[in-house]
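Inspection log for the structure reproduced underneath, given as structure tokens.
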Amino acid sequence: MNIVTAAKFSSAFVALALAASAAFAQAPVRPPYGNQITLDTAKKVAVGAMGEAKKQNWNVAVAVVDNHGMLIYYEMMDNTQTASAHLAVEKARTSATLRRPSKELEQAIADGRIATLGLGAMPVEGGLPIVIDGKMIGAIGVSGMAAPQDGQIARAGLDALK
């Protein structure tokens, strides 16, 4: 490697490091993990979500996971597309393990952060963390409709805890 190539490489490395540290510094604070969600609370969230889905006449699957992404409660309406069974669970796991709405990953990719695809997560709206008293206890994932509709149903599930 000659001096010019080394200088270009060093400059690119410094720029990348500065960009990464700036992105890290701007990252929002994620809620700490709390106790795992109980089955009763998981059912309450799912009932709220299913109530919204029924009100809108939308066929969906709803999954509630604990704060580590393990499935606690699952329900799928009749005539829901088959793929939604898997996608609802993965949206919930994404939100639980990364402590953020799955929509944030979708937005990161739309903003050009294609490295987000390497996280092994579901970067589609419809997964939301369940936070009680400032601590994350689990997450809900919804699939079956367009992503914004899935997000609306997931928010209704969270609203059931208010």
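Annotations
- One equal scatterer on each Cα of the stretch 58-127, no solvent, Debye formula: the resulting log10 I(q)/I(0) at q = 0.14, 0.17, 0.22 Å⁻¹ is -0.42, -0.59, -0.89.
- Summarising the overall dimensions of the stretch 31-159 from its C-alpha atoms, the Rg and Dmax are 13.3, 40 angstrom.
- Neighbour-limited loop hits for trypsin sites (Lys or Arg not before Pro), the stretch 61-130 (at most 16 other Cβ within 10 Å; DSSP other than H, G, I, E, B): 113
- Across the options 119, 72, 146, the greatest Cα extent toward the positive end of the charge dipole of the stretch 65-157 (unit charges at beta carbon of Lys, Arg, Asp, Glu) belongs to 119.
Readers should treat all values here as calculations from the given coordinates under stated rules, not as data from a laboratory. Here the structure is a predicted model, which is why all the values come from computation and not from measurement. With ideal geometry, Cβ positions are generated from the backbone for all residues, glycine too; neighbour counts draw on all protein chains shown.
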